[in-house]
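Notes follow once the structure below has been shown.
The values are calculated or read from the model by the stated rules, or taken from the named source; none is laboratory data. The structure presented is a predicted model; accordingly, all values stated were derived computationally and were not measured. Cβ sites come from the backbone with ideal geometry, for glycine too, and all protein chains shown count toward neighbours.
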Amino acid sequence: MNPRSVTLVTGSSRGLGRGVALALAKLGTSVAVHYGFNREAAEETAALCQSAAASPDQRFIPVCGDIGQAAGRRRLYDETIQAFGRIDALVNNAGIAPRVRADITEATEDVFDEVIDVNLKGPYFLTQLVASHWLAHPGESLLPDGYKLIFVSSLSATVPSLNRGDYCVSKAGLAMVTQLWANRLAADGISTIELRPGIMATDMTAGVKEKYDTLIAGGLVPQMRWGTPDDLGRAVSSILAGHFPFSTGDVINIDGGFHLRKL
């Protein structure tokens, strides 16, 4: 892997995004470590990546921007280009859970808007910025088989949760966003993949750990364990390494078999 190649991983100051950044450090690419408000956490991720790096020529630099706001997305894009001079891959990972979980008969528009702005509108329009850059610089990617675009969705794209309908809608929408960008960019040699995590052990799920421990032990997840940030990171690494040269618009489940059906 060329250590000068650059991957922008949104939401990489913690959780799944940190796992992705660490996996990419081991793979050998530089990483723009995105944070919205917690620079200290992003600097911690950058330090961990530096320690795990495959090459001393890799760089790990925190970049800031509120994904849910147009000005924040522009700032993030600009800081990444200013810091590295390029973007070879974009991993749209940043996402939030609703700050208030409520049955869909009681859910409020303000919470809905917050979730949609970050989880759906954010990656849609950040991708617009990055894709426009790629289209203006064809054939310049330092990654195998060209530029790479990844959307991290969720099992909630297809599995309803009645107390967080806003989140489910955002992830279902993100699945369509993947299809849209895959169709738009395929002829330009840009691969677009959706990664769909299942029940993952992060700070977002810490409050429901006991509930899901019981469900997983009861067979909800066929592989009988929680997913980890490293599980997602290894999938991203495989895509960036060029292991899927004839794939675009595909959905790869990172869910331990949760999506399987049986009688």
Residues that are buried (at least 18 other Cβ atoms within 10 Å of the Cβ) and among the charged types (D, E, K, R): does the range 29-50 have at least one? no
Some residue of the range 234-248 being in contact with a Pro (Cβ under 7 Å, 6 or more places away or on another chain) and in a strand (DSSP E or B): no
Is there a residue in the range 223-230 that is under 20 Å from the mean Cα position of the chain (by Cα) and more than 22 Å from residue 26 (Cα to Cα)? yes
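Could you please find all residues in the range 1-25 being charged (D, E, K, R) and either at pLDDT below 95 or under 22 Å from residue 196 (Cα atoms) (or both)?
Selection gives 14, 18.
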Of the residues in the range 142-156, how many are closer than 10 Å to residue 88 by Cα and among the charged types (D, E, K, R)? 1
When (1) assigned to a loop (DSSP other than H, G, I, E, B); (2) more than 28 Å from residue 124 (Cβ to Cβ); (3) of a type in the set (D, E, K, R) are applied to residue 209, the one that fails is (1)
Quick check: is even one residue across the range 203-226 touching a residue at least 60 places away in the same chain (Cβ under 8 Å), surrounded by 14 or more Cβ atoms within 10 Å (Cβ to Cβ) and β-branched (Val, Ile, Thr)? no
Can you spot a residue in the range 33-52 that is polar (S, T, N, Q), in contact with a helix residue (DSSP H, G or I) (Cβ under 7 Å, 6 or more places away or on another chain) and over 24 Å from residue 124 (Cβ atoms)? yes
For the range 1-21, enumerate the residues that are farther than 22 Å from residue 120 by Cβ and either without any contact (Cβ under 8 Å) to a residue 40 or more places away in the chain or surrounded by fewer than 24 Cβ atoms within 10 Å (Cβ to Cβ) (or both). 1, 2, 3, 4
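Go through the range 114-171 and give me each residue that's among the polar types (S, T, N, Q), surrounded by fewer than 17 Cβ atoms within 10 Å (Cβ to Cβ) and farther than 16 Å from residue 99 by Cβ.
The first filter runs over the range 114-171 and keeps only residues among the polar types (S, T, N, Q), leaving 119, 127-128, 132, 141, 153-154, 156, 158, 161, 163, 170.
Those still in the list that are surrounded by fewer than 17 Cβ atoms within 10 Å (Cβ to Cβ) too: 128, 132, 158, 161, 163.
Within the range 114-171, 128, 132, 158 meet the criteria.
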Just give me the residues in the range 159-206 being of a type in the set (D, E, K, R), under 29 Å from residue 106 (Cβ atoms), outside any helix (DSSP H, G or I) and touching an Asp or Glu at 6+ places or on another chain (Cβ under 9 Å), in sequence order. 196
Of all residues in the range 94-110, how many are surrounded by 17 or more Cβ atoms within 10 Å (Cβ to Cβ) and over 17 Å from residue 172 (Cβ atoms)? 2
